[in-house]
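Structure first, commentary second.
Derivation of every value follows stated rules applied to the coordinates shown; laboratory data play no part. On a predicted model such as this, the values are computed, not experimentally measured, just so you know. Here the Cβ is made from the backbone with ideal geometry for all residues, glycine too, and neighbour counts use every protein chain on show.
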Amino acid sequence: MDLRETQDMPAAPAPTPLPYDREDHFLWHLRALGIARGATLATPLWDEAREKPPVRVAIIDTGVDIYHPNLSGAVPDDAAADFSSTLFGTIYVPPPRIRDHESVMDGTAPGHAKLQHEAENAYLGKRHLFAGLSQGLKARGVDFGSDPSPTLIGIIKTLEDIENQANVIAISDPSTYFGAHGTACAGLVGGRPPVDDAGKPRPIEDDELPYFGINPYCEIIPICTPYSHEILPVIHALLYAVIQRADIILMPRGVVHPGDRAALKGSSDRVHGSRITANNPSGVPGDQANLQVLNQHRVAFEELVKAISNAVYVVTAAGNDGLAQRLAYPASLAGAKRASSLENLADPGDMGPGFLVATARNRDGLPSSYANGTALSDLAIPVLSDDAFRFDEGQFRIDGTSQFAQDFKLDVHASAAAQQQSPWGLLSLDVSGPFGYEEGDWVDGPEKRSVPTDRRAGYTIFGGTSASCSVLAGCIALYLQTLPVEQRKLLNQGELLEAIVRAGIRLASDNCT
C-alpha cells in the first residue's frame, strides 16, 4: 500500500510509550527498534545478516573516523574519499599504511617528501576515481532518460577525463579529527565491537565500549563533502557512491538551495538587503553569474537524485527547524517542485521510489520538538531519535527532571500543549580529541589507540533528524542483508516499511505494542 493513500484515513491512536525498565542499557534504542532482545543484545536478524554478503551504505557528510575502534573492519580499503578539498577527490594514506614510520600529520616532519612519494606510488592506477563512470551508472540502473541536462552531461564527461585524477596525500584523514557528525551517523548504521587484524573480536580496552550499530555486518563508504553553498561536490559524491556499488546512500546533511538565497527580500530602500534579491534581479554581475551556475548545478543535482533513487535507496533528513509543514533541502524534493525550499509542502514530488525522508520521534512516540515534516505523514517517515526543550506559542516541551522545570508556569498558557521532554538520546561514536561532541584530550593523536584515553571522548549522545535518517538507513541495511543478494530489490516506500515491520523492526515507538 502506498502511504500517500492513507492521508484521508482516521487519525492513528496515541502512541504507546515504551516501558522504562531495568533491561534498558546504553544501547536501549536497539531494543526499542525491535532489533536486539533484552540486555544481551541477542537477535536473529544479526544471525541472518552475518552469513550473507554485506550491504554497502555510503554516507555523504563530514567524513568518518575510519580508525575508530568500533568501525574497525566496517570501511573497505580505499573506499573513503574526500570531495571537500578537491573536486576530483582526495585520498589520504597515513604513514602506517605505507610502512612502519612514525606518524606524520602536518607534512613538515623530516622524511615527509619520501612518505608522500611512497603514498603516490601506492596509488598508481587508482587515482582516477571515476574511471568507467558511464558504464558504472548504467550497470547500477541509473538512467537519466532521453533528455538529460547539458550541465549533468558535462559533469559526467569531466569526471571521466583521465586527466582529472584524485590527489593522494600522505597524512591521516582529517575526518579522524573533525568528522564528528559523520562518525556518529556511521556508528548508528554499522558500528561493531573492536576486532583484531584478522577480523576476529578482540578484548575491549579501557577506552572502548562493546558498541553495536543497527547492522554491524554492513560496509560503510565515507564520502566527505563541504558544508557550503556549493552543490557540485555533492554531485560528485553521489556519483562516487553509485560507482562504489552503494545499496543505500545516506545524506544526513542539508544542501543550500540557490532559491533560498535569491528569496531573501531586501528592505524597501534596499540598504540592508541581500545583494541578490528577488526584487532586484540585476544585483552585482558577479553574484548573478554565480547564482546562475548554482542553479544549473541544482537542476543537475535534482536530476541525478531522481535517477539514482529509481535504482537505489537515498535516505535524507527532514531537518531540525521545528517546521511541521516543511522539509529541509534536499529532503524537500519529496514534495512538488518549488522555487525554493522555504515553502510549505503538500503534493508529492517526482523522485524515484527509493527517495526517503526521515523525521524524528522521541522514545515515547511523540514528534521530536525540533523535527521538520511532522505533519507530512505521506512524505516523511517517523523514526526514533532524541527530543529537545521547546518553549513557544505552539508547543511547550519541558524536561520534568530539570531543576528549572518548575519555573515554567504552563497553566497560564491553556491553549498550548504541555508535554514532557523525553530525556533519552541515542548513544553513538565520536571522534577523539577537542573537536568531538564530547571533548577529550589526545595522548599523541587519535591514531595512537594503544594508549588508553578517556572513554567518554570516543562516544556521544546523538540525535536530531540526522540520527533518524541514520537509524532508517541502518534498518534498511539490516533488512536487506537478511535477504539473498538476488532478492534485494528496490521497493516503494509503503512496500519497504511493510517489509521492515514484517522482519520485526520498529522504526518508532508508535509501532510498538
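Observations, loosely collected:
- Too-long pairs where the Cα-Cα distance tops 31 Å, listed order kept, from LYS52/LYS306; LYS126/LYS200; LYS157/LYS489; LYS157/LYS337; LYS114/LYS200; LYS52/LYS114: LYS114/LYS200; LYS52/LYS114
- FRET efficiency, 1/(1 + (r/R0)^6) with R0 45 Å, evaluated for ARG390 and ILE162 via beta carbons: 0.25
- Projected area, mean over directions - the stretch 112-176, Cα convex hull, nm²: 6.3
- Square roots of five times the Cα gyration tensor eigenvalues for the stretch 172-216, Å: 20, 14, 10
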